[in-house]
Amino acid sequence: LKRLRQGLDKTRRNLVNQLRAIVGQGPLNQDAVLEIESLLLQADVGIEATDHIIESLQSRLRQEALPPAEAIAYLKQILRDMLDRPLGGSHTLSFVPEKDKLNIWLITGVNGAGKTTTIGKLAHIANKSGYRCLIAAADTFRAAAVQQVKVWGDRSQVEVIANPGKNTDPAAVVFDGIAAAQSRNTELLLVDTAGRLQNKKNLMEELSKIRRIIDKKAPDANVESLLVLDATLGQNGLRQAEVFSEVAKLSGVVLTKLDGTAKGGIALAVVQQLGLPIRFIGAGEGIEDLRPFSSYEFVEALLS
Ligand code: GDP
């Protein structure tokens, strides 16, 4: 929690003191609403989420004047409820692949978002938590990508399935990865996929081909498709996320680089606008710097 708080420091510093000052003045007048609006927009919470937050806060404050501490507590609850909504209201802190079963997690995202690093960190958590884990290096387009994944495989002590040939078909690597996983009773297969957003059609075809291979070869597996999103991109990242959610059937988001940004509010925008849960957050380059997402922790780190 301390690390996350430090990570969100920049977002928090901008947000929390000013919010305290504003809501401490009693029921929100038009000026206060405008100030909160601009604070939230600066933190890249986005227009839609900001409107929702202000409306909720306002409707409560119209009923009764709240002292600052209570107003902040209420604001926290609004944010937690928003963040938990895609998960049906429950927030989970655990690392949740189903035991004794093949779970396949497709990791998507544009190059540079932190995909490889996230895969390494996930493999590390999986290994530490006693899961049998494998990585399939299916981002075969970038020459360096497979090598990079192997470095993270070594760090996390998880084997990487890769095809040594140039320009191999990503779906073929996924096929090999599933075969290896099945013969070793692997519980979590992490699949690195290409992130060339420039060519939406190719990306879509590639991802759906991978899906077809999975459906055919491992029809009983639990499949998750996680989008790795660079939080420092703020609202631009949201547009990326929208494109990915058109081409891939996403089930959640990993928000990276929260340590380097004042745009941590993007988490709320992602959830509000795409209806996707945040599943993990990255707040550093090290192998330990990934945490399962908890709305409680996130909101506390943001507003305490
Ligand atoms: P990929 O191209 O999507 O596979 O991205 P990489 O995993 O290679 O990461 C790109 C850069 O972002 C690297 O320098 C990583 O160390 C860095 N990075 C990844 N995740 C985080 C994070 O949570 N915080 C910080 N500060 N840097 C990160």
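Just to be sure I understand, how many residues within region 102-117 are β-branched (Val, Ile, Thr), more than 6 Å from the ligand (Cβ to nearest atom) and open to solvent by 10 Å² or more (accessible area, probe 1.4 Å)?
1
Could you check region 64-168 for helices (runs of 4 or more DSSP H) lying wholly inside it with 2 or more residues that are in contact with a Cys (Cβ under 9 Å, 6 or more places away or on another chain), of a type outside the set (Phe, Trp, Tyr) and modelled with pLDDT of 95 or more?
115-128
For Phe280, only one of the following conditions fails: (1) under 14 Å from the mean Cα position of the chain (by Cα); (2) surrounded by fewer than 23 Cβ atoms within 10 Å (Cβ to Cβ); (3) more than 12 Å from the ligand (Cβ to nearest atom); (4) at pLDDT 90 or above. What is its number?
Phe280 satisfies every listed condition except (3).
In region 215-237, which residues are at pLDDT 90 or above and more than 13 Å from the ligand (Cβ to nearest atom)?
Hits for region 215-237 are Asp215, Lys216, Lys217, Ala218, Pro219, Asp220, Ala221, Asn222, Val223, Glu224, Ser225.
All but one of (1) under 11 Å from the mean Cα position of the chain (by Cα); (2) open to solvent by 20 Å² or more (accessible area, probe 1.4 Å); (3) of a type outside the set (A, V, I, L, M) hold for Glu288; state the number of the condition that does not hold.
Of the numbered conditions (1) under 11 Å from the mean Cα position of the chain (by Cα); (2) open to solvent by 20 Å² or more (accessible area, probe 1.4 Å); (3) of a type outside the set (A, V, I, L, M), the odd one out for Glu288 is (1).
Tell me which residues, restricted to region 47-63, are at pLDDT 90 or above and surrounded by 15 or more Cβ atoms within 10 Å (Cβ to Cβ).
Selection gives Ala49, Thr50, His52, Ile53, Ile54, Ser56.
Show the residue pairs that are 6+ apart or on different chains and have beta-carbon atoms under 8 Å apart, the first residue being within region 271-282 and free of Cβ contacts under 8 Å to residues at least 60 places away in the same chain and under 14 Å from Ile125 (Cα atoms), the second being within 14 Å of the ligand (Cβ to nearest atom) and β-branched (Val, Ile, Thr).
Within 8 Å, the pairs are Arg279/Val253; Arg279/Val254.
Taking Lys257, is it among the basic types (Lys, Arg) and either out of contact with any helix residue (DSSP H, G or I) (no Cβ under 7 Å at 6 or more places or on another chain) or more than 12 Å from the ligand (Cβ to nearest atom) (or both)?
Considered against the rule, which asks whether it is among the basic types (Lys, Arg) and either out of contact with any helix residue (DSSP H, G or I) (no Cβ under 7 Å at 6 or more places or on another chain) or more than 12 Å from the ligand (Cβ to nearest atom) (or both), Lys257 comes out as no.
Just for strands (runs of 3 or more DSSP E) wholly inside region 208-304: which have at least 2 residues that are under 18 Å from Ala194 (Cβ atoms)?
Of the strands (runs of 3 or more DSSP E) lying wholly inside region 208-304, those with at least 2 residues that are under 18 Å from Ala194 (Cβ atoms) span 222-230, 252-256.
The values are calculated or read from the model by the stated rules, or taken from the named source; none is laboratory data. Note that the coordinates shown come from a computational prediction; the quantities given were computed from them, not determined experimentally. Counting neighbours? That spans all protein chains shown, and the Cβs are built from the backbone with ideal geometry, glycine included. With ligands, DNA and RNA removed, areas are computed over all heavy atoms of the protein, side chains included. Shrake-Rupley method; radii C 1.70, N 1.55, O 1.52, S 1.80 Å.
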